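Okay, so here's the structure we're looking at.
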Amino acid sequence: MSNITLDQVRKVYAGNVEAVKGVSIDIADGEFIVLVGPSGCGKSTLLRMIAGLEDISSGEISIGDRVVNKVDPADRDIAMVFQNYALYPHMSVYKNLAYGLTNRGMPKSEIDRRVKEAADILEIGDYLDRKPRALSGGQRQRVAMGRAIVREPAAFLFDEPLSNLDAKLRVQMRVEIKRLQKELGTTSVYVTHDQLEAMTLADRLVVLNGGNIEQIGAPIAVYDKPASTFVASFIGSPAMNLIETVSDAGGLKAKAGTGLQGGNPGGLQACTVGIRPEHLQVVEAGTPVGDGLTLTVKVNVLEPVGAESYIYGTIDGGGAPVVIRIESHQTYDINAILTLHAAAKDVHYFDAETGRRIES
Amino acid sequence: MRPHFPCDGRCAGSAPHICHLHVRGDTMKKVQFNSRWMPYAFLLPQLSIVAIFFLWPAAEAVRSSFYLEDPFGFSSTFVGFDNFTDTLTSSNYARVAQFTAVFTVLVTFFSLALALLLAVKADKVLRAGSTYKTLLMWVYAVAPPVAGLIGILLFDQHVGPLVDFAALFGWKMQIGVNYFDTSFAMVVISVWKQIPVNFIFFLSGLQGISRSVQEAANIDCRSGFRRFWTVTFPLLAPTGFFLLIINVTYAFFDTFGIIDVVLKTEPGNNPVTLVYKVYLDGFRGNDLGGSSAQSVLLMLFVFILTIIQFRLIERRVHYS
């Protein structure tokens with residue numbers, strides 16, 4: 001069993017800076033967990049604490065039912081893939097892969113078998129004699145992965161492993177990491193600031209903000225029901241439209257601008273409403289509001305990206321910015337006023353003060 | 001500085017102007033001078049220093065190594081290779097060469113090893129690290145003869161704490177009288193003087209090793225000792241190779257001041273290095289020809305040593 005349990009884990013640096021504020025996560029055996037959040041949210045610190053590269057200020061981390069707070073990184077049975085790959089520059093690719101095994105006193109024949117096997121999986125068999133400096137970025141990335149695979153550890157830890165690759169390679173490696181992880185069935189913790197990487201890789205997402213967990217859940221669940229305005233704006237691209245509203249007798253009104261009308265199902269005082277760009281439909285002006293929301297938006301920019309297009313606009317009367325996804329090849333005039341409708345089931349409500357989700 | 005020259009006309013259709021990109025048919029990488037003698041003029045001060053203080057004395061040494069000069073410098077006789085054969089067949093010269101070899105190996109080894117040990121430890125100090133490092137570098141500012149003097153005080157027959165310390169173990173040190181004791185003092189003082197230089201280089205070398213590589217090694221290897229020899233040490237090799245050359249040169253030539261102070265210019269039967277013997281034979285023994293021959297041999301030796309070092313060791317050193 002190689003489940004990982006984090007129980008009220010905290011990290012306080014000198015000067016009383018609290019980087020991680022009491023985080024608890026239960027990671028099941030074989031699960032792929034992605035820690036995602038903006039820089040400075042504590043995700044890397046958390047990963048490094050699991051690896052044993054940072055001390056744990058308080059709380060408990062267990063790997064496979066063993067508390068590892070005081071266990072040496074080499075004895076935690078984990079393998080880590082670093083952002084800059086951290087290959088040993090003076091060793092050949094073969095030695096880079098074999099190093100962790102040799103140090104654990106594994107017989108030569110077994111090391112050789114594992115290195116060859118990993119090299120086959122990652123297609124780096126031709127470079128085994130080369131030094132890392134003679135490899136391209138993508139090849140180095142594969143060697144770094146290989147170094148983790150040969151160990152056959154209880155868990156893989158990934159620290160933004162794709163951020164040094166170009167866009168095309170990043171997509172390719174992303175798919176490959178996911179395939180490998182499923183094949184090997186090794187528990188994995190992956191840190192990234194890229195929400196797309198997080199969405200595509202994770203079995204479960206952990207969204208972190210300022211050292212706290214904002215939300216844990218399956219990517220699509222997080223996408224469908226973000227727990228806070230922070231998660232709503234962080235997961236999904238383009239981000240969810242967030243509009244501050246106030247309520248009056250007729251329902252919800254935009255705080256700034258005039259172009260928002262909607263029912264107030266929860267009888268809320270003031271709240272932030274959230275609508276994904278793909279949930280806004282362009283409708284004829286004067287269509288009845290119904291139980292959803294109706295917006296009138298002035299078009300500022302039309303952005304075709306090929307498979308679809310985006311309208312960047314503002315709520316009529318000088319309100320909040322709004323992004324609408326439309327089908328590709330559809331065009332609208334700049335400065336045109338559009339009427340948009342969102343169905344009630346697609347509207348998210350967040351507390352105006354705390355930003356937490358309000359279930360309606 | 002960017003050159004300010006008229007554009008050669010590659011800026012299409014524009015009027016004559018000063019251009020940073022198209023200078024006289026070349027890009028801005030290459031600065032052109034108005035006179036072809038200008039660059040040589042800039043080099044002249046450096047070249048003349050090399051010529052006056054290195055090439056000329058070296059040539060003079062080579063010349064006088066073929067002559068037998070009378071002690072007062074009034075006349076000299078060409079003697080061919082006699083000075084060289086005399087030197088090389090002398091048993092005294094062989095003895096001094098042997099001592100120099102042992103001295104150099106000991107001084108180089110211990111000053112490198114101790115400096116590396118201190119640098120590795122200092123690199124791990126978290127609290128008051130810079131104070132610690134500054135203290136270790138202090139000796140660097142001490143001039144060799146002063147270091148020799150301080151060393152002499154430490155090894156003094158009557159008040160030297162190191163002599164007293166040795167006496168506790170029944171070792172009656174007699175610096176300047178006993179051959180072994182004197183050599184011991186020379187080596188200790190020379191090593192002590194050289195450690196700070198090596199320490200500074202090793203420390204900066206250590207700090208140049210990528211932190212994530214060391215962390216990867218932490219995960220791959222439990223034993224800190226093994227980690228040091230398999231990852232840290234090989235990555236320090238470029239620094240170590242550079243320091244090896246610096247230290248051999250130091251032990252050979254720059255220890256002159258320390259040896260002189262330890263011997264109080266009265267060598268007697270005490271050990272001396274080849275460089276010190278050049279001085280003794282030339283200026284105390286007034287044998288300028290023999291002394292010059294020895295310098296020429298030293299020059300050749302250093303020349304060969306440098307070639308061997310670069311050929312053999314550089315091949316095994318990883319430069320990232």
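A few remarks follow.
- Wholly within segment B:73-185, helices (runs of 4 or more DSSP H) carrying at least 1 residues that are small (Gly, Ala, Ser): B:91-124, B:129-137, B:144-154, B:161-168
- Residue count for segment A:97-129, restricted to those that are within 14 Å of another protein chain (Cβ to nearest Cβ) and either in contact with a Lys or Arg (Cβ under 6 Å, 6 or more places away or on another chain) or of a type in the set (A, V, I, L, M, F, W, C) (or both): 7
- Hey, A:Ala98 surrounded by fewer than 15 Cβ atoms within 10 Å (Cβ to Cβ) and hydrophobic (A, V, I, L, M, F, W, C) or not: no
- Some residue of segment B:131-138 being charged (D, E, K, R) and either under 16 Å from B:Ile259 (Cα atoms) or free of Cβ contacts under 8 Å to residues at least 24 places away in the same chain (or both): no
- Segment A:80-96 - residue that is of a type in the set (A, V, I, L, M) and within 7 Å of chain B (Cβ to nearest Cβ) and, of those, farthest from A:Gly146 (Cα to Cα): A:Ala86
- For segment B:200-214, the count of residues that are more than 14 Å from every other protein chain (Cβ to nearest Cβ) and surrounded by fewer than 15 Cβ atoms within 10 Å (Cβ to Cβ) is nonzero.
- If you go through segment A:130-140 and keep only what is within 14 Å of another protein chain (Cβ to nearest Cβ) and in a helix (DSSP H, G or I), you end up with A:Pro132, A:Arg133, A:Ala134, A:Arg140.
- Comparison of B:Asp123, B:Asp156 shows that the only residue that is surrounded by 13 or more Cβ atoms within 10 Å (Cβ to Cβ) and more than 29 Å from B:Phe252 (Cβ to Cβ) is B:Asp123.
- Being out of contact with any strand residue (DSSP E or B) (no Cβ under 9 Å at 6 or more places or on another chain), over 16 Å from A:Tyr190 (Cα atoms) and either touching a residue at least 24 places away in the same chain (Cβ under 8 Å) or among the basic types (Lys, Arg) (or both) is not true of A:Arg76.
- Filtered residue count, segment A:340-357, keeping only those that are crowded, with 17+ Cβ neighbours inside 10 Å and modelled with pLDDT of 90 or more: 10
- Listed here are the helices (runs of 4 or more DSSP H) enclosed by segment B:211-320 that have at least 2 residues being under 26 Å from the mean Cα position of the chain (by Cα) and not small (Gly, Ala, Ser): B:233-249, B:256-263, B:274-279, B:288-308.
- Test for A:Leu157: is it assigned to a loop (DSSP other than H, G, I, E, B) and at pLDDT 90 or above: no
- The lone criterion from (1) within 14 Å of another protein chain (Cβ to nearest Cβ); (2) within 26 Å of A:Ala144 (Cα to Cα); (3) touching a strand residue (DSSP E or B) at 6+ places or on another chain (Cβ under 9 Å) left unmet by A:Tyr13 is number (2).
- Qualifying residues in segment A:1-19 (those that are hydrophobic (A, V, I, L, M, F, W, C) and in a loop (DSSP other than H, G, I, E, B)) - the one nearest to A:Leu201 (Cα to Cα): A:Met1
- All strands (runs of 3 or more DSSP E) inside segment A:261-360 with 2 or more residues being farther than 19 Å from A:Pro226 by Cα: A:281-283, A:293-304, A:308-315, A:321-327, A:337-342
- Failed criterion for B:Met137 (all others in (1) at pLDDT 80 or above; (2) more than 14 Å from chain A (Cβ to nearest Cβ); (3) under 27 Å from the mean Cα position of the chain (by Cα) hold): (1)
- Residues in segment A:58-76 that are more than 9 Å from chain B (Cβ to nearest Cβ) and crowded, with 18+ Cβ neighbours inside 10 Å: A:Ile61, A:Ile63, A:Val68.
- Under the condition of being in contact (Cβ under 8 Å) with a residue 12 or more places away in the chain, more than 20 Å from A:Thr45 (Cβ to Cβ) and of a type in the set (Gly, Ala, Ser), the residues counted in segment A:156-180 number 0.
- Segment B:215-227, residues that are out of contact with any Cys (no Cβ under 8 Å at 6 or more places or on another chain) and either within 13 Å of A:Tyr88 (Cβ to Cβ) or more than 7 Å from chain A (Cβ to nearest Cβ) (or both): B:Glu215, B:Ala216, B:Ala217, B:Asn218, B:Ile219, B:Asp220, B:Cys221, B:Ser223, B:Gly224, B:Phe225
- Exactly one residue out of A:Leu157, A:Leu252, A:Leu196, A:Leu208 is aliphatic (A, V, I, L, M), surrounded by 23 or more Cβ atoms within 10 Å (Cβ to Cβ) and under 14 Å from the mean Cα position of the chain (by Cα), and it is A:Leu208.
The values are calculated or read from the model by the stated rules, or taken from the named source; none is laboratory data. Predicted model, so just to flag it, every value in this text is computed and none were measured. Please note: Cβ atoms are built from the backbone with ideal geometry, for glycine as well, and neighbour counts cover all protein chains shown.
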